[in-house]
Amino acid sequence: MGEQPLTRNIRPNAEPLWLAEYEKAGGYESVRKALRTMAPQEVQKLVTDSGLRGRGGAGFPTGRKWSFVPMGPDAPRPKYLVVNADEMEPGTFKDRLLLEGDPHQMIEGMIVSAYAIQANVGYIFLRWEYRLAAERLRKAIAEARSHVYLGRHILGSDFCFELYLHTSAGRYICGEETALLNALEGKRAIPRSKPPFPQVVGLWGKPTIVQNVETLCNIPHIIVHGAEWYRGLARGKDGGTKIYGVSGKVKRPGAWELPMGTPIREILEEHAGGMRDGFAFRGLLPGGASTALLVDEHLDLPMDFESIPRGGSRMGTGTMIVLDDRACPVGFAQNLEHFFAQESCGWCTPCWEGLSWTERILQNLEDGQGRMEDIDLLAAHTKLIGPGRTFCALAPGAMDPLQSILKYCRADFERHIHEKRCPRVAGAPA
Ligand SMILES: Cc1cc2nc3c(=O)[nH]c(=O)nc-3n(C[C@H](O)[C@H](O)[C@H](O)COP(=O)(O)O)c2cc1C
Ligand code: SF4
């Protein structure tokens, strides 16, 4: 299966390694190495050379993002590092695995990343429902502080870093990085306009890096083993390993750390065990609910940021939701749009009005009250609520599954209209 640096400490019962065991397994080695032997710019360069791309959904190169932070004696202070641990994307459960199973790994990644951008304060913005993760993070932070990995003059160096855990209000929009910053400041969680980008004007107006949990967990390994080793872990151009997940009617739903660029078919068949008996594959959303459906013809695509767009979708979070032949694609779309409509922050009209209208049309179709023109209306919505029409990516993200389901499952929509009911309701022949 290859090397699995991110999950190597995660035990079957998910009880994490506490500090002594973690150190014994090589933990905090990257902090020693970075603080004692590397300048912040060297850490930045190593991460850039590794090819690490953010694991929160957009896949932005991490080293490049850090390079936008003002450095040097004249840089504004304090600077902040914020971990995005909101993880509310439906179908996504990879960060939870890392937070609960190995909290010290992310704290270690945070210390080195903060050193690289010379941030002295860090926040973990944690999804409210992740109670066990909160408990374990609190304990790990206390352990790290008592062993001078956190606090003033870490390991006798000049570098000081304080870390705080913040449990969020529990809204999907809190995961959008600028809405997250507003929430952290105690304001309404609505996105901010960009530019200026948070790297320059972020939390309380100061330079801030917002980074996903999985992204940060990669950092210690890159520092200890180098950029070339990291690139070598992958099967494609994007470096490292990836925690892929599969949910739906497969034999073994779950999450696995595999080389970045592992083909979808391999993840689905070898790791998730293929479809359950009696269910056939119809398609999958490759990276959470806000990515476009891929079908049979795309199964040999490597799961990485470079390749998935060739099938018209996005890697997103790399956690797949499988649509089977017994589920109704119209109901599937309605369920997704219900979530997005409910989670709209209400700031812009196409999203606030458009998503609930979209949901109503889909519900009418499911209830057997759809009209042929509804299909065109839904298709028009996917354009009118698409990229560039709204303030943030929530609404265009909501339209990605819909436009692709309309494309690949049009006959199902037509059947709902002709038969004046959902063909898959209990008792109806599929
Ligand atoms: C509506 C919405 C929700 C998001 N939710 C999350 C989330 O829960 N976790 C996350 O890391 N990124 C989320 N993102 C992406 C973040 O805005 C940001 O790109 C990411 O945290 C950057 O980290 P990375 O570079 O390490 O990927 C979301 C984006 C949008 C538009
Ligand atoms: S697109 Fe939706 S979630 Fe994003 S700012 Fe507009 S109303 Fe809010």
Run through the DSSP bridge list for the chain and note the antiparallel percent, rounded to the nearest 5. 40
Looking at the range 1-108, I'd like the Rg to Rh ratio, where Rg is from alpha-carbon atoms and Rh is Kirkwood's inverse mean 1/r. 0.98
Theoretical ellipticity at 222 nm over the chain - DSSP helices of four or more residues, -39500 (n - 2.57) apiece, nearest 500: -12000 deg cm²/dmol
Calculated Rg and Dmax of the range 273-430 using C-alpha coordinates, Å: 15.5, 45
For the range 262-346, what are the per-bin percents of Cα-Cα distances with bins 5 Å wide, up to the bin holding the maximum? 3, 14, 24, 23, 18, 11, 5, 1, 0
When the chain is treated as a GNM, springs tying every alpha-carbon pair under 10 Å, which of Gly54, Gly239, Gly226 comes out with the largest mean-square fluctuation? Gly226
For the chain, with equal point scatterers placed on the C-alpha atoms only and solvent neglected, what are the log10 I(q)/I(0) values from the Debye formula at q = 0.08, 0.10 1/Å, to two decimals? -0.45, -0.70
Go through Lys65/Lys206; Lys45/Lys242; Lys383/Lys407 and tell me which ones have a Cα-Cα distance over 19 Å in this structure. Lys45/Lys242
In whole angstrom, the spacing between the Cα centers of the range 239-313 and the range 348-415 equals 24
Expressed in µm² per second, the diffusion coefficient of the range 37-165 from the Stokes-Einstein equation, with Rh the Kirkwood radius over alpha carbon pairs, at 25 °C and 0.890 mPa s, is 158
Please list, ordered by chain and number, the residues whose modelled amide H lies under 5 Å from the amide H of Cys422; skip anything fewer than 5 residues away on the same chain. Gly368
Using alpha carbon positions and the Kirkwood radius, the Rg to Rh ratio of the range 231-275 is 1.02
How many percent of the accessible area of the chain is carbon or sulfur, using a 1.4 Å probe? 52
What does the accessible area per residue of the range 271-377 come to in Å², with a 1.4 Å probe and no ligands, DNA or RNA counted? 39
Taking only protein heavy atoms into account and a 1.4 Å probe, give the accessible area per residue of the range 4-135 in Å². 38
Between His418, His104, His221, find the one with the highest GNM mean-square fluctuation for the chain; connect C-alpha pairs within less than 10 Å. His418
Of all C-alpha pairs within the range 143-199, those more than 16 angstrom apart amount in percent to 56
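The values are calculated or read from the model by the stated rules, or taken from the named source; none is laboratory data. No experiment lies behind these values; they were computed from the predicted model shown. Side chains are part of the model used for accessible areas, which takes the heavy atoms of the whole protein and leaves out ligands, DNA and RNA. Shrake-Rupley method; radii C 1.70, N 1.55, O 1.52, S 1.80 Å.
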